[in-house]
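The values are calculated or read from the model by the stated rules, or taken from the named source; none is laboratory data. Keep in mind the model is a prediction, meaning the values are calculated, not measured. Neighbour counts are summed over all protein chains in view; Cβ atoms, including those assigned to glycine, are modelled from backbone coordinates with ideal geometry. Quick note on the areas: whole protein, heavy atoms, side chains included, nothing else; ligands and nucleic acids left out. Shrake-Rupley method; radii C 1.70, N 1.55, O 1.52, S 1.80 Å.
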Amino acid sequence: MKKIYSFILLAVAALCTMPQSAGLYAQEHEDGFDRNRKFELYVGDITYTPKSKETTTGSKVLDVIAAVATGEFTENYDSYADAVKANIVKGLSWAFRFKVMDRQFDPESDKMDYALFIDGTISRITTTTRVFTEEVKQKDGTKKSVSKEKYQAVIMLTLNLKDLAHGTIINSNTFRIESNEYSSSWFLSRQAALDKAIEYVANYVTRYYDDVYPLTADIIELGADKNDKQKEVYIDLGSNHGVYEGLTFGVYKQKTIAGRDARTYLGRLRVKKVEGPEVSFCKVVSGGKDIKKCLDDNDTLLIISRH
């Protein structure tokens, strides 16, 4: 068996959005503590509180005229609030380190340690309609101008994560989610635009909280290397932690400068196969030379999940 490399992972100081409190996070620094332990997350009210439409003219008549001039009309869709809420909860349940509880916190029977509470507001569920004019070729070879309505949707929401032990907000984030987030296209129907924006809600929420609370890994065994570059490694995370094929990890060199933590980005790993509950096989997709040098020098590495 190849020599086993195990590196002590230090707390991620860069997560400045998560100020540490004495009770909830102290255990993160205890020897032997499971650094990937899940938080029990209790979901509170996520209310729909749409902001009143802002006008620049002060006149509804002039606003309509302006909309006609630009070819764009925006409408609110209150009836989709429940669907947005459901996708928020879905996204929270997908996050690596959240265990969403389907009941309220009971102070008499539940433990405060690693218990979080989240609530928030949905401030916008709107679609914008624009009229596009296109030249369509007719059967006789002539062209005809045809006008079509196309749509985009926008959802805005704010989530507040709270420490149950102290009742304080430890993270607050506002999400703006657009139906055309990954393309500039407009949709042929309002429903399609709304469905796409609502679909994105869960992914946005998951990715955000996975960045706030990433998984951290140790390299437990080396795989192949070539030309002074590390090509393969095994890490101590697997199916028990929600790891999947294709998940990537950033690799950093960790050191202390003047009593403060510092880190240097080295490269990236990608999970090729989940080998078991606590083992995954990874390819080194970048930074193989620097990673191998740190491994040979027994440097402290920080390895954190990223989508």
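Averaged over its residues, region 209-307 has an accessible area of 48 Å² per residue, based on protein heavy atoms and a 1.4 Å probe.
Of the solvent-accessible surface of region 112-168, computed with a 1.4 Å probe and all protein chains present, 47% belongs to carbon and sulfur. What net charge do the residues around L237 carry, taking every other residue with its C-beta under 14 Å from that of L237, with Lys and Arg at +1 and Asp and Glu at -1? Surrounding charge for L237 is 0.
By accessible area, using a 1.4 Å probe on protein heavy atoms only, region 190-245 has 40% of its surface on carbon and sulfur.
In this rough spin-label picture, where each label sits 7 Å from Cα along the Cβ direction, the D102-K51 distance is 3.6 nm.
Evaluated with a Cβ-only charge set (Lys, Arg +1; Asp, Glu -1), region 152-291 carries a dipole of roughly 440 debye about its Cα centre, given to the nearest 20. Whole Å is fine, so just give me how far the alpha carbon centre of region 104-135 lies from that of region 269-307. Computed from Cα coordinates, the inter-centre distance equals 34 Å.
In region 163-307, inverting the average of 1/r over every pair of distinct C-alpha atoms gives 17.8 Å as the Kirkwood radius. Other residues with beta-carbon under 9 Å from the beta-carbon of V146 carry, at +1 per Lys or Arg and -1 per Asp or Glu, a net charge of 0. Placing dummy labels 7 Å off each Cα toward the beta-carbon, the span from D261 to S172 is 2.5 nm.
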